[in-house]
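Colleague: Got a structure for you, questions after.
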Amino acid sequence: MKKPTTYVLSMALSISLLAPYSATVKASGYTEPSYGSPISVRLSYSAFQKPSYTFTISGNYSLKEKNDIALTNGTYTIKNNNNTIELLQDSNVLYSGSQITLFPVDYSRTNTIQLGSYKFLGNMTFRANGSNVLPVNTLEQEDYLLGVVSSEMSDSWGTTGMEALKAQAITARTYSNGDIGDEIDNGQSYQVYNGYNASYENVKNAVDSTRKQVITYNGTPINTNAVFSSSNGGTMLSKVNSWGTASWNSIPYLVRNADPYDARSATSNTDWQFTLNKSQISLNGLDLKNPQVWWNNIQESTADASKISSLKNFIKKYQTEYKNYDLKIVSIDQLDFTDQNDLISNDTQLNGNIKISYLAYNPSTNTYVKNTDGTIKVLTFAKSTRTYDFYLSNAFGSGMLKSPNIKTSSSTSTQYVITGGGWGHGIGLSQWGAYQRAKEGQKATDIISFYYPGTALTTVQPSTSNAETIYATANEPINLRSSASWSGSVITVVQTGDTVQVLDTSSDWYKVSYNSKQGYVNKDYVTIKEDTPEPTAPTVSPEASVLSVTNDQSTFHGEYTIAQKSDVSVRLIGPNGYNKLTFLATLEAGKYSFGGPISQAPAGDYTVTITVTSNGKSVVRTANFVKEAAPTVTISNLSATDTTFSGQLNVNQESKVSVYLNGPNVQKFIYYNEALTGNQTFGGYIPTNFSNGLYQVKIVAENENGTTTTVKEFNINRGIPTQIALKTFSFTNGTYYGTYQIDQESLVAVYLKGPNGLQKLTYYQTIKPGTYAYAGNITNFPKGSYSIVITAKNKQNINSSTVTNFSYGQVVSKSYTVKLGDTLWGISRKLNVPTTSIISWNNLKTTSLRVGQVLKVAS
C-alpha cells in the first residue's frame, strides 16, 4: 500500500529494470525518502550482534552514502572490518565507509530488508558497535506500529477481538509520539518491535483504520503515559501503586480500579501463587570454624532451588561487595508485601520487605566471611522496597512474582505463601482485559475510556505530507463557522470567488483553512478546484526567539515567539541521559510559554531545545538553566550518656537547619539555624524521666534547592543489664554449637568451663545488639561436666550472665532425686536430657516437682 508521506524520484523515468541479484550504477542517483514522522530503532537481537551477517532485499534499494548504486532482489553481506563497514555481494565489496544506510527507491510495504526471520520497511543503517555491526531501522511512525502491535498482541485476536487490536494501536501510537525523530531500542524499555509481517492483515487493519489517532488529556497527547501491560489480574493499578512516582493527581487518568474483564479473561496470569520455605540450611552439628569441610556438601531446599538462585542475585544487586562470592542462604527471616487486605488508595506505593540470613565464600581468595573468633559469620540482608522492584529483578525467579498486584501475603510455621494476579506493572491498558472487552462487544473507544479515564481520542495531522492539497472557491459570500453545523458561531465571511484550503471532506461540512483561520463551510456553497492549484507561496525561513527561561527546582518555564505558522517541538535535555519531549504541535505566529515538572529529574545542567519548522526549513533555539542539588547533611561523632547526647553535623550549602531528638513517646526540638553552612556541633540534655530505648537524632536542612533529612540512632539503657537470650545449643561428637542474642551494645565474653578447674576464654569483644554464634571442639579434653558461661557488661558497667551446662563422656544415671531449687528445665540442662523425655518416662501431668521426688532420667 502506497503511503501519502512518500518521496519523489529525482528522475523517475530513468530507472531501468534491474536483473535479480545485481547491483548497478545510475548516473543521476536516487533520492532518499523524507519521512514526516520518523522513528529510528536499534535492532538489538543477539543474532545481529556479531561482526558479519547476511540480509536479503526484496524490491529496489540504494545507498545514502553513494546514491548511484542500485541494489535489487538478492542476498548481501554486511561486515565490520576494523570499524569500517563493508557491503558485499558474492565476496565483492560494493561499498565501504564508517556506516552504510540503505533506503528503498520506491517506498511501499512490498519493499523490505530481511534480517534473519524478521522483515523491515524503510531505511536500514549499519554501523559499528565495538567489533560487531548494529542495524538501525528508520521508518514512518505508522509503519513502526505494524511491528509493535504484532509483537504486543496476536494477529489472531482480530478474529474475535479486532477492537482490542485497534486500542493497542492507538495506545502504542500515543506512547511513541514522543519518540518521533529519536533513536530508540526495540525492547521493553520502549516498545517491543519485531519488524513487518505482510500476513498480519488484522494488525494492518487495526493500525490503518486508527491512523494518526492518539490519546489526549486536556487537548495534549499523553505520550509515554499511555502505558500498558499484559494483564492486571483484575485490579488496574495507579502509577504510584506500581512505580511510586509523584502523586497520582499529576496523572489523574492512571488510577486504581477494579477490572472485571481482565478477571474474566481466565489466563494463567489472572491468579498465581508461589511458596518459599523459611528454613533453608541447618547449621546444627557443623564445625563453624572449618566450613571448608562441609561447604560443598550442604544445599538449600531443593523445592526452592530456582527461587534461591534468584534471591542470591537479588542480594548481590544491593550488597555489591559480595557480587563475586558464593552464597548459601540459611533462612528467610521475613517476607511480606502490601496486599489487598491493606487499605490501598491511588497514592499508596505497594512495597515488599525481605530479610535473609546467609553465608559467604570468596572463591578467588578461598576465604569465608568469618567472625573475629574464627567461626563463619551469619550475614544479614534486609531490604524494603517497591514490590515492582522485586518483579523487575525476578527476585524469586522467572514467572514467580509476576506483578506488583499481591492479593495475599501470608505465612505458616514453615513457609511463606504469596498469591497475586496479572503480568507486568498493571498500569493503564491490560491487553488481556482489552481482548475480553472486545470479545464482549466493546469498541476501541470504550476500551481506551476505561483504561485512561477522562481522556479523549484526537487525530493528529502528519507533520509533513506530499498528499495532494485540495482547494475550493466560494460560490457566494459564506460564513466560516466554528463547528460543523448551521448553529456554529461565525468566525469570518469567505467572499465570493475567494479560495479556501480544504482539510477534510468526510461530511457535508468541509473543514477548511481561510486566511490562517480554520473552520467549517457547507459543501453546497463551494466548488472544488480541479485544475487551478493555489499558487505556491514564497519560501520563508522560520523565525523564532527564546525570551526567557527560569526554574524553581520543581518546575521550569519560559516564553518564546514564532514569526509564522510552524511545527514546534520543545525538548528538555539534562544529565544522566535525561531527554524528554515536553511539547509537539503546530502553532500560529505569536508568543507562547513552555515548561513542565522537574521535581523528579536529577540535579545538573539542562538545555531547553525549541525546534521550529516551516516550509521545509527548521531553526533551533536553546536556553539553559541549572537545577541545583538539594543540600547534603552528614552526622558524625554521635555519642550519648545516660543524660546527654552530642555530635557534629555538616551541611554543604547554606540552609535552614533544624535538629530534633525523637525517642520513646517523645519528640524534642534541639537546635535551629536560619543560615548554616559547614560544620556545627550539636547536643542536648536527656531528662531522667525520658524512657530507656532507641533514640533518633533527625536533622532537616532546607533551602531553595530542596529539603534533605538525615537520621542517626543511639540507645539509652539506664541501669538495665544486657538481656542475654539463649537461642540454640547442640553438642555432637565432641563439638558444641550455640547462638545467643543481646539487646544492647556490650562487652561480651564467652567461657568454656570443665573438669579439674578447666576454664578457657573463647571470645571477648564489644559487639552491637544482635544474634551471635559460638562453637568449639573438646574431643581432646577430659570427660565430665562442662558449661558455657556468657557474660555481658554494658556501657553503664552493669554485668549480666547466663550458663549452659552439658556433659561429655559421662554415663548418665538412670534416676535423679529432686533437690531444693530444682526445676524441670534445670534438670534437663544439667543432665543434657530433653524435657520431653523426662515428662514421657515419668508420665508427668505437670511441670511442678517436689523435693525428694525420684525421676527416671534414662531409658
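Colleague: Within region 795-806, track down each residue that is surrounded by 14 or more Cβ atoms within 10 Å (Cβ to Cβ) and either modelled with pLDDT under 85 or outside any strand (DSSP E or B) (or both).
Modeller: K795, Q796, I798
Residues are listed down the side, and each one gets a yes or a no for (1) part of a helix (DSSP H, G or I); (2) more than 25 Å from P404 (Cβ to Cβ); (3) among the hydrophobic types (A, V, I, L, M, F, W, C):
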{"residue": "G285", "(1), (2), (3)": "no, yes, no"}
{"residue": "L288", "(1), (2), (3)": "no, yes, yes"}
{"residue": "E321", "(1), (2), (3)": "yes, yes, no"}
{"residue": "N324", "(1), (2), (3)": "no, yes, no"}
{"residue": "Q334", "(1), (2), (3)": "no, no, no"}
{"residue": "D342", "(1), (2), (3)": "no, no, no"}
{"residue": "S357", "(1), (2), (3)": "no, yes, no"}
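Colleague: Do we find that Y322 is within 28 Å of the chain's Cα centre (by Cα), buried (at least 18 other Cβ atoms within 10 Å of the Cβ) and at pLDDT 90 or above in this structure?
Modeller: Judged against the criteria, Y322 is a match.
Colleague: Being open to solvent by less than 30 Å² (accessible area, probe 1.4 Å) and either farther than 21 Å from I329 by Cβ or free of Cβ contacts under 8 Å to residues at least 40 places away in the same chain (or both) is the filter here; which residues of region 403-416 pass it?
Modeller: The answer is S403, P404, N405, I406.
Colleague: All but one of (1) closer than 22 Å to N733 by Cβ; (2) surrounded by fewer than 14 Cβ atoms within 10 Å (Cβ to Cβ) hold for V833, so report the exception by its number.
Modeller: (2)
Colleague: Of these, T681, T708, T688, which one is assigned to a strand (DSSP E or B), at pLDDT below 85 and out of contact with any Ser or Thr (no Cβ under 6 Å at 6 or more places or on another chain)?
Modeller: Sole residue among the options that is assigned to a strand (DSSP E or B), at pLDDT below 85 and out of contact with any Ser or Thr (no Cβ under 6 Å at 6 or more places or on another chain): T708.
For (1) farther than 30 Å from K656 by Cα; (2) among the aliphatic types (A, V, I, L, M); (3) out of contact with any Gly (no Cβ under 9 Å at 6 or more places or on another chain), each residue gets a yes or a no:
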| position | (1), (2), (3) |
| --- | --- |
| T677 | no, no, yes |
| T688 | yes, no, yes |
| K712 | no, no, no |
| R718 | yes, no, yes |
| A725 | yes, yes, yes |
| S730 | yes, no, no |
| Y740 | yes, no, yes |
| Q744 | yes, no, yes |
| N756 | yes, no, no |
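Colleague: Output the number of the condition that A603 fails; it satisfies all remaining conditions of (1) in contact with a Lys or Arg (Cβ under 7 Å, 6 or more places away or on another chain); (2) open to solvent by 50 Å² or more (accessible area, probe 1.4 Å).
Modeller: Here A603 meets the rest and fails (2).
Colleague: Are any residues in region 283-311 of a type outside the set (A, V, I, L, M), out of contact with any Phe, Trp or Tyr (no Cβ under 8 Å at 6 or more places or on another chain) and open to solvent by 30 Å² or more (accessible area, probe 1.4 Å), and if so, which ones?
Modeller: K289, N290, N296, N297, Q299, T302, S306, S309
Colleague: Might you let me know whether region 486-495 holds any residue that is modelled with pLDDT under 80, farther than 30 Å from P252 by Cβ, open to solvent by less than 50 Å² (accessible area, probe 1.4 Å) and not in a strand (DSSP E or B)?
Modeller: For region 486-495, residues modelled with pLDDT under 80, farther than 30 Å from P252 by Cβ, open to solvent by less than 50 Å² (accessible area, probe 1.4 Å) and not in a strand (DSSP E or B): present.
Colleague: Taking K212 as the residue in question, decide whether it is surrounded by fewer than 24 Cβ atoms within 10 Å (Cβ to Cβ) and among the basic types (K, R).
Modeller: Against the criterion (surrounded by fewer than 24 Cβ atoms within 10 Å (Cβ to Cβ) and among the basic types (K, R)), K212 qualifies.
Colleague: I'm checking my understanding of the structure. Among residues of region 234-264 that are open to solvent by less than 20 Å² (accessible area, probe 1.4 Å) and of a type in the set (S, T, Y), which one is nearest to A164 (Cα to Cα)?
Modeller: The qualifying residue nearest to A164 (Cα to Cα) is Y253.
Colleague: Please determine, by comparing only the residues of region 243-283 that are assigned to a loop (DSSP other than H, G, I, E, B) and among the small types (G, A, S), which one is modelled with the highest pLDDT.
Modeller: Here the residue is S282.
Colleague: Looking at L237, L286, L254, can you tell me which residue is within 19 Å of A360 (Cα to Cα) and not small (G, A, S)?
Modeller: Exactly one of L237, L286, L254 is within 19 Å of A360 (Cα to Cα) and not small (G, A, S), namely L286.
Colleague: In region 745-762, how many are open to solvent by 70 Å² or more (accessible area, probe 1.4 Å) and at pLDDT 85 or above?
Modeller: Number satisfying all stated conditions: 4.
Colleague: Okay, moving on. Tell me whether region 809-822 contains one or more residues that are aromatic (F, W, Y) and in contact (Cβ under 8 Å) with a residue 40 or more places away in the chain.
Modeller: yes
Colleague: Give region 113-135 a look and list any residue that's in a loop (DSSP other than H, G, I, E, B) and either open to solvent by 20 Å² or more (accessible area, probe 1.4 Å) or closer than 13 Å to F55 by Cβ (or both), or say none.
Modeller: Within region 113-135, G116, S117, G130, S131 meet the criteria.
Colleague: Same structure again: Looking at D333, is it modelled with pLDDT of 95 or more, open to solvent by 40 Å² or more (accessible area, probe 1.4 Å) and either within 30 Å of K239 (Cβ to Cβ) or more than 21 Å from the chain's Cα centre (by Cα) (or both)?
Modeller: yes
Colleague: Got a number for residues in region 176-209 being over 20 Å from Y45 (Cα atoms) and open to solvent by 20 Å² or more (accessible area, probe 1.4 Å)?
Modeller: Here the count works out to 11.
Colleague: Shifting gears a bit: Return the pairs, sorted by first residue and then second, in which the second residue is assigned to a strand (DSSP E or B) and at pLDDT 90 or above, the first residue lies in region 80-95 and is open to solvent by less than 50 Å² (accessible area, probe 1.4 Å) and acidic (D, E), the beta carbons are less than 6 Å apart, and the residues are 6+ apart or on different chains.
Modeller: Short answer, once both residue conditions are applied: E86/K79; E86/V93; E86/S96.
Colleague: Which residues, counting only those in region 142-189, are in contact (Cβ under 8 Å) with a residue 12 or more places away in the chain and part of a loop (DSSP other than H, G, I, E, B)?
Modeller: M153, I180, G181, D182, N186, G187 - these are the residues of region 142-189 that are in contact (Cβ under 8 Å) with a residue 12 or more places away in the chain and part of a loop (DSSP other than H, G, I, E, B).
Colleague: If a residue must be assigned to a loop (DSSP other than H, G, I, E, B), in contact (Cβ under 8 Å) with a residue 24 or more places away in the chain and not hydroxyl-bearing (S, T, Y), how many such residues does region 773-791 contain?
Modeller: Residues flagged as assigned to a loop (DSSP other than H, G, I, E, B), in contact (Cβ under 8 Å) with a residue 24 or more places away in the chain and not hydroxyl-bearing (S, T, Y) within region 773-791 amount to 4.
Conditions (1) closer than 22 Å to N799 by Cβ; (2) touching a residue at least 40 places away in the same chain (Cβ under 8 Å), marked per residue:
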| position | (1), (2) |
| --- | --- |
| N679 | no, no |
| N689 | no, no |
| T722 | yes, yes |
| T728 | no, yes |
| T732 | no, yes |
| Q741 | yes, no |
| A749 | yes, yes |
| N756 | no, no |
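The values are calculated or read from the model by the stated rules, or taken from the named source; none is laboratory data. In this text, all values refer to a predicted model and were calculated from it rather than measured experimentally. Here the Cβ is made from the backbone with ideal geometry for all residues, glycine too, and neighbour counts use every protein chain on show. All accessible areas refer to the heavy atoms of the entire protein, side chains included, with ligands and DNA or RNA removed. Shrake-Rupley method; radii C 1.70, N 1.55, O 1.52, S 1.80 Å.
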